[in-house]
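Step one of this worksheet: look at the structure below.
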Amino acid sequence: MSSSSRQRLLGLTLGISLGLCTGPVQGAEGQTFPGFGGVEGRVGPSIPVDAGIGLGGGFDVDLGYVRFPFLRPAVGFNHFRSSVDRVARDGFPVSGTLTASEWRGGLRIDPLGHALVAPYFLATASFHRVRADVDDPETERHLGGSYVGGGVGAGIALSLDPDRRVSITSEIRRVFAPRVGHLAVEAGIRLIPLGTRAYERGRIAAVPEGDTVVIEDPFAPAPEPAEPPIVPADEVLRREAELAREEREAARLEALEAEARALEAERRRLRALGDLNRLIDDVVEVRESERGLAVVLGSGLFATGAHELSPRARDQLRRIAAVVRLFDEHPISVEGHTDSMGAEALNQRLSERRAAAVRDALVEEGIDPARMEALGHGEHLPLDTNQTSEGRAQNRRVEIVILGARRLP
């Protein structure tokens, strides 16, 4: 590359970097330019134009980003040493070593910086200090000195963790400079403290030229918490008393609401029980006892000598179930009774089957079976004499006893 071409490349690289760095700044978790976006170190072979293959190494410091997260200004240093094996102008062979130190600054274009596998591109301007240690003074003067140059390159970064904090990099770079132009192929490691967050847009919008914007420093210590205002003692007592009054009033209102709900539930129960005789023809009575409330059903629910419920009986039990549901906190005993006509064992089985049939019908209407038990008393608990037909009719019954329920007024 000619001297004029190298100067144009250097000017273009510096122009791009300075143009981006003097534009509007955005906040980005402390990663804006100038800042610290990470550090990278590499080693690998260098192939100079005027010397043999040598070994070099260096590092770069990421200075954050400007305008867009994938535009990353960086500064760095590189050093390599190679052997010299050439022919001098007088025709004699020349041998020795060539040592070059490079300080550079430029721009890394990192379009997929947040990805696990991320390619990138480089454009740099550089200053070189070259020292030749050879057995020919003229060649030594010819190679040594200070030079300005530039370079371009490309590489790929492979992340070792999901947050993109540690990556392995592989890079190829072509440096254009008098006497020390070379091709470098290097591999190394890149450390990014904020990981993928370093490649996110900032929280602060772009500001017009001339305005001032403050960038938050993520590594600065947290601000001291503001001391709470001092409240006078009498004000504290007043607030505590007001809070206590509010709590008492809320508790009183809650108790009144609970009492009102309980009274309304009791009124519904009593109205349902009061209407029961008008709704069901075969209900002999709703009577009270020490055990609770008993809904007494006559023998018209069953055919003579049978325990299957008639369709009319099922309809009546459906309406009885609506009343029983109002006493959902009380257990229920369904008890069958017969008169003394027929064999005692037969009457016992018949009373048990009739009680079970009424219990099953109530279960079908939604009454919890765990609340109910079915018992048969046969002919042993008569309400009236078995010597008359009227008395025997009273004794043939099924009672639904709501245990512990409140008596009727």
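Observations, loosely collected:
- Test: residue in segment 71-83 that is more than 53 Å from the chain's Cα centre (by Cα), loosely packed, with under 14 Cβ neighbours inside 10 Å and of a type outside the set (Phe, Trp, Tyr): no
- Unmet requirement for VAL334, which otherwise passes all of (1) among the hydrophobic types (A, V, I, L, M, F, W, C); (2) over 27 Å from HIS380 (Cα atoms); (3) at pLDDT 85 or above: (2)
- Of residues in segment 111-150 being among the β-branched types (Val, Ile, Thr) and at pLDDT 80 or above, the one nearest to ALA187 (Cα to Cα): VAL117
- Some residue of segment 323-333 being in the same structural domain as HIS307 (by TED's automatic domain parsing), basic (Lys, Arg) and surrounded by fewer than 16 Cβ atoms within 10 Å (Cβ to Cβ): yes
- Candidate set: segment 115-174, residues that are of a type in the set (Lys, Arg) and assigned to a strand (DSSP E or B); chosen: the one nearest to VAL84 (Cα to Cα): ARG131
- VAL87 vs. criteria among the aliphatic types (A, V, I, L, M), modelled with pLDDT under 80 and more than 18 Å from VAL43 (Cβ to Cβ): yes
- Pick from segment 327-371, criterion among the β-branched types (Val, Ile, Thr) and part of a helix (DSSP H, G or I), ranking: nearest to the chain's Cα centre (by Cα): VAL363
- Positions within segment 274-300 being touching a Leu at 6+ places or on another chain (Cβ under 9 Å) and modelled with pLDDT of 70 or more, in sequence order: VAL286, ARG287, GLU288, ARG291, GLY292, LEU293, VAL295, VAL296, LEU297
- Restricting attention to segment 359-382 and to residues that are without any contact (Cβ under 8 Å) to a residue 40 or more places away in the chain and surrounded by 13 or more Cβ atoms within 10 Å (Cβ to Cβ), the residue that is farthest from ASP328 (Cα to Cα) turns out to be HIS380.
- Where ARG406 falls short, out of the listed (1) assigned to a helix (DSSP H, G or I); (2) closer than 30 Å to LEU263 by Cβ; (3) at pLDDT below 90: (1)
- Filter result for THR13 (assigned by TED's automatic domain parsing to the domain that holds THR124, closer than 24 Å to ARG174 by Cα and either β-branched (Val, Ile, Thr) or at pLDDT 75 or above (or both)): yes
- Selected residue (criterion: farthest from PRO34 (Cα to Cα)) from residues of segment 54-69 that are modelled with pLDDT under 85 and of a type outside the set (D, E, K, R): GLY54
- A search for C-beta distances below 9 Å between a residue of segment 71-85 that is not assigned by TED's automatic domain parsing to the domain that holds ALA100 and any residue that is of a type in the set (Gly, Ala, Ser) and part of a strand (DSSP E or B), counting only pairs 6+ apart in sequence or on different chains, returns nothing.
- Residue check, ALA322 modelled with pLDDT of 90 or more and closer than 30 Å to ALA262 by Cβ: no
The values are calculated or read from the model by the stated rules, or taken from the named source; none is laboratory data. Since we're looking at a predicted model, the values are computed, not measured. All Cβ positions, glycine included, derive from the backbone under ideal geometry; neighbour counts span all protein chains shown.
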